[in-house]
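Structure first, then comments.
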Amino acid sequence: MKRFTSIGAVASGLLLMSAAAWLVAAQQSTPDIVLSNGKIITVDERFSIAQAIAIKGDRIVAVGSNSEIVPLAGSNTRRIDLRGRAVIPGLIDNHMHLLRAGATWKWEVRWDGVGFRKAALDLLRARVKKTSHGEWVYNLGGWTLDQFADDKRPFSREELDEIAPDNPVLLQASYYETYLNTRGLQALGLDGKAAANPWLVRDANGRPTGRIEEAGVREVAAKLPVAPAGEIEGSTVAMIRELNRAGLTTFGSAGCEPELLPIYRRLADQDKLTVRVFCINGVGTGTSPDQVARALPQIAQLKVFQGTNYIDNIFFGESVYGPLHDPMFLVKSTPRPDQLALWRQIITEIAKARLPLHVHAELEDTIDGFLDQIEAVNKEYPIKNLRWVLAHVNRLQPRHLARMRELGMYAAVNPWAVINGGINHRVFGESAFDMAPLSTIQNSGITWGFGSDGSRANQILPFTTLWWAVTGKMVGGTRVLRQTISREDALIAHTRKNAYLVFQENNLGSIQPGKLADLLVLDRDYLTIPADQIKDIQTVMTIVGGKIAYDSETR
Ligand SMILES: [Zn+2]
């Protein structure tokens, strides 16, 4: 009855409108952008396909056929003819070390998705040419030697000297090993007999080969000069543009460093931020019982969900207690009861404060230990509805999934194998074919999504991740995974399910009326191209919040 009355009231109001008012009302409801004549892969619950989209302000207002949507356009509507191209929702990475990556991006020679050693060295040569004598040329992960289809040989000191005789060079392969040239060794004080580091590899004559083993990778990287503060914003902006071009529009950001977050806030204030940043932040619980005791009272102070749909804090994470943070290339962990007791103290405070948790969890025994603690805490402080997430989970087992489902938990799958698959096979043997156990996770019915854990532990290109999930191949083409999934399920895990994992399911993850207009126009159809081409998909246009953030035609 009430509804009937209000419609009547609106109708009589319209009768009184002047012609000018009609025009204003029509313009207000007219879409700003209409994209038509496409294949809109909406990724809604029914995975429906449409032809056209209408956008008003930062939201999608209508999705449907050409004949339903095109007539909505007015004289001020920007019309985009998709000419049959595929459109998908903006891709969401549920776990990237985003801010840290921006702080070095401009100076790094990135090898994300580069499948040939020769191509990688060409990029290195080009960078050396552009860099002044004496300045560092480097990258900090995102690649491994196993991704080079033409030649997987380690880089030799001599080879790097030939390319860069006048610049120190540091090339970090994931967190697994690092290669330095002579200038690099000298700059870091590693080229003498005095440097007695066990991780510094020497030849038969005792001369450093330039290779640094796993144990020294972080220590050596930490010695690189810090980028000038005044240039970090420019580096961040350059990275964001590359991320938009790669199809990424939203991130679960592992660690939103307080010294770097203001850059993103500034961009947001100026209406220039074209990625959404949902922070996963801890309070520094440290590595000892004393540090934990000091940190416990701070946990309840952590504030979540007070930001915008561009920047917000959403999770406690990713590390709960340092000693139980599994390293990348360890086969088996042995979490001690006293360590797990401390871990439980911390998560008790997190549950009491009703905070969402996103925790680094990798090895089988660690995950068992964590689930023991969570089940115990859950009895006193229920965690259902808090969206507690285990992240990385490359060694997750069916027994873990059953317990997680019971607890109402989720999985952020961060597949290190996309670049580290070769190393995994050497370290973990046959079982590396199940890292990550994608089809087991998919078939468990648990809500899960994809993140990269880039930019160091992994590459960051989402279509490379999707290609890996569908074909089982790591960068360079070696088959490393047997638990592949369908391209539909993979896409859902990089969009709609991830929207849930960043608490944005009402705003993001699918192309539906009412959601934020974050979407990608692709150069080919993700659903029908040969699977091996998925990694080669290029974004033609990236729209974030109704604004064109990247357009290949206006580069
Ligand atoms: Zn982690």
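The values are calculated or read from the model by the stated rules, or taken from the named source; none is laboratory data. Since the model is a prediction, treat every value here as computed from it, not as a measurement. Note: ideal-geometry Cβ built from the backbone for every residue, glycine included; neighbour counts use all protein chains shown. For accessibility, only protein heavy atoms count, side chains too; no ligands or nucleic acids. Shrake-Rupley method; radii C 1.70, N 1.55, O 1.52, S 1.80 Å.
Data table
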{"item": "Accessible carbon and sulfur surface of the stretch 455-555 relative to its total accessible area, %, 1.4 Å", "result": "45"}
{"item": "Debye log10 I(q)/I(0) for the stretch 265-325, one point scatterer per Cα, at q = 0.14, 0.24 Å⁻¹", "result": "-0.51, -0.93"}
{"item": "Selection of trypsin sites (Lys or Arg not before Pro), the stretch 108-209, meeting DSSP coil and at most 16 other Cβ within 10 Å", "result": "K152, K193"}
{"item": "Sum of -39500 (n - 2.57) over DSSP H runs of 4+, divided by residues of the chain (222 nm, nearest 500)", "result": "-10000 deg cm²/dmol"}
{"item": "Spin-label model distance (nm) - E430 vs T308, 7 Å beyond Cα toward Cβ", "result": "5.5"}
{"item": "Long-range Cα-Cα pairs in the stretch 201-299 (distance over 17 Å), rounded percent", "result": "70"}
{"item": "Angle in degrees between helix 229-245 and the longest Cα principal axis of the chain, rounded to the nearest 10", "result": "60"}
{"item": "Pairs of lysine residues in the stretch 251-390 - Cα separation under 22 Å, sequence separation of 8 or more or cross-chain", "result": "4"}
{"item": "Extension gain (nm, one decimal) between F329 and D372, 0.36 nm per residue minus Cα-Cα", "result": "13.1 nm"}
{"item": "Cα-centred dipole magnitude for the stretch 59-151, charges only on beta-carbon of K, R (+1) and D, E (-1), debye, nearest 20", "result": "400"}
{"item": "Relative contact order (%) - the chain, alpha-carbon pairs under 8 angstrom, separation at least six", "result": "18"}
{"item": "³J(HN,Hα), Karplus 6.51/-1.76/1.60, whole Hz, each residue of the stretch 259-268, x for Gly, Pro", "result": "7, 9, 4, x, 4, 5, 5, 4, 4, 5"}
{"item": "Ratio Rg/Rh, restricted to the chain and using Cα atoms, in which Rh is the Kirkwood radius", "result": "1.00"}
{"item": "Ellipsoid equivalent to the stretch 435-499 - semi-axes via the Cα gyration tensor, in Å", "result": "18, 15, 10"}
{"item": "Length gained when the stretch D81-A222 is fully extended (0.36 nm per residue, less Cα-Cα span)", "result": "45.9 nm"}
{"item": "GluC sites (Glu not before Pro) restricted to the stretch 379-471 and DSSP loop, no more than 13 other C-beta within 10 Å", "result": "none"}
{"item": "Within straight-line cross-link reach of K130, aspartates and glutamates at Cα separation under 14 Å, skipping those fewer than 8 residues along the same chain", "result": "E108, D122, D166"}
{"item": "Cα centroid of the stretch 523-555 to Cα centroid of the stretch 453-482, whole Å", "result": "18"}
{"item": "Accessible surface, per residue, of the stretch 363-516 when the full set of protein chains is kept, probe 1.4 Å, Å²", "result": "29"}
{"item": "Tilt relative to the chain, helix 289-299 - C-alpha long axis, 0 to 90 degrees, to 10", "result": "10"}
{"item": "Contour minus Cα-Cα distance for R241 and N385 (0.36 nm per residue)", "result": "48.4 nm"}
{"item": "Cβ-Cβ FRET estimate between V201 and E364, R0 fixed at 25 Å, reported to 0.05", "result": "0.20"}
{"item": "Simple spin-label estimate for E68 and K129 in nanometres, 7 Å along Cα-Cβ", "result": "5.3"}
{"item": "Cross-link partners of K535 among lysines (Cα-Cα below 24 Å; sequence separation of 8 or more within a chain)", "result": "K39, K106, K118, K152, K473, K497"}
{"item": "Crossing angle, helix 417-428 versus the chain [Cα axis fit, 0-90 degrees, rounded to tens]", "result": "40"}
{"item": "Residue-wise HN-Hα coupling along the stretch 139-156, computed from phi with Karplus coefficients 6.51, -1.76, 1.60 (Hz; x: Gly, Pro)", "result": "9, 10, x, x, 8, 9, 4, 5, 7, 8, 5, 7, 5, 9, 4, x, 7, 9"}
{"item": "Antiparallel DSSP beta bridges within the chain, percent to nearest 5", "result": "45"}
{"item": "Qualifying chymotrypsin sites (Phe, Trp or Tyr not before Pro) in the stretch 144-221, DSSP loop, other Cβ atoms within 10 Å at most 16", "result": "W199"}
